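Working notes, beginning with the structure itself.
Throughout, read-outs are computed from the coordinates displayed, never taken from laboratory work. Since we're looking at a predicted model, the values are computed, not measured. Ideal geometry is used to build each Cβ from the backbone, glycine not excepted, and the neighbour counts take in all protein chains shown.
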Amino acid sequence: MQSIVILISGRGSNMQALLAAELPVAAVISNNPQAAGLAFAHAQGIPTHALNHRDFSDRETFDRALMEIIDTYQPALVVLAGFMRILSEPFVSHYQGQLLNIHPSLLPAFPGLNTHEQALQEGVKIHGCTVHLVTSQLDRGPIIIQAAVPVLANDTPETLAARVLAQEHRIYPQAIKWVLQDKLNLTAQPAATIASCNSQSVLY
Ligand code: GAR
C-alpha cells in the first residue's frame, strides 16, 4: 500500500492534521528528539524516530542517515511538516517528485523564515500558505495548492500565523491526496515546472 513518511522538527500540528485526515502514515521522523509532535505520534501508535542532527559532522552525513531510515518504509511520499532543515542535493535528488513541503506564505513571496513578520512589514493585504514539490532551490519547487487569508489592520505575527495555520491544516491533506491519487500533472514551462491538478488549486 502507498504510504507517507512525515518529517517534523517541533509542534507537529500539520502532522496531526495529516493523521486526522487518515492518510497512510508509515512513520514520523524528527531531527529534534524533544519535538512535541514525536510524542503525539508515538502515543497514536505511529512508528517514530528521533535523529539528532547535532550528532552528525555535516549536513550530507545526517541526510544520508535520514534517507536510510526513510527508505526502510519505502514510502510513496516524504512529507515535510515544519521540518526546519535545509536539505542537501543528494537527499532532494533521491526523492525527486516524491518530496512535498508546506510553507507559511504565498510563494514565491516570502521564502525562508519569519514569513508572517515579513508579510506585515511589507503591508501585503493577502497572505497565506503553499504546498509545493521540493527542488534544490529553497522554497521554489512547483506549487500544488495555495490558500489565501486576509491580513487585518490589527494583526500581529501571532494572529496572522494562527489564521494561516488553520489553512495549512486544510490544504496539506488535500495536496497529499491529489498526489497519492496520481492527479498531479507536471508541465515543463520555459521558466519553471508547473504543477496542476484536476481539481481547483486555490482555496480561500
Ligand atoms: C508551519 O507553519 C509550517 O508551514 C512551517 O512551520 C510550521 C510548523 O508548524 N514550515 C516552515 O516554515 C518551513 N519553511 P507545525 O509543527 O505545527 O506543523
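Quick notes on this one:
- Separation of alpha-carbon centers, region 17-69 and region 125-204, rounded to whole Å: 23
- In a reduced charge model with +1 at each Lys and Arg Cβ and -1 at each Asp and Glu Cβ, the chain shows a dipole moment near 340 debye about its Cα centre.
- Residues Met15, Met84 arranged by fewest to most Cβ contacts within 10 Å: Met84, Met15
- Across the alpha-carbon atoms of the chain, the computed radius of gyration and Dmax are 16.5, 49 angstrom.
- Converting phi to 3J(HN,Hα) with the Karplus coefficients 6.51, -1.76 and 1.60 and the offset θ = phi - 60°, region 95-105 yields 10, 3, x, 10, 10, 10, 9, 10, 10, x, 7 Hz in sequence order, with x at every glycine or proline.
- Listed residues Leu165, Ala50, Ser3: farthest to the positive end of the dipole of the chain (Cβ charges): Leu165
- Residues whose amide H lies under 5 Å from that of Gly12, counting only those 5 or more places away or on a different chain, are Gly37; hydrogens are built 1.01 Å from N in the peptide plane.
- A helix-only calculation puts the chain at -10000 deg cm²/dmol for mean residue ellipticity at 222 nm, using -39500 (n - 2.57) for each DSSP H run of at least four residues, averaged over all residues.
- Sparse packing (at most 16 other Cβ atoms within 10 Å of the Cβ) combined with a DSSP loop state is found for the following trypsin sites (Lys or Arg not before Pro) in region 1-91: Arg11, Arg85.
- Distances between placed amide hydrogens fall under 5 Å for Val25 paired with Ile4, all partners being 5 or more residues away or on another chain.
- Shape call, region 1-86: gyration tensor on alpha carbons, a/c limit 1.5: oblate
- Cα lying deepest toward the dipole's positive end in the chain, options Ile176, Val151, Ala35, charges on Cβ: Val151
- Antiparallel DSSP beta bridges within region 4-194, as percent of all bridges there, nearest 5: 45
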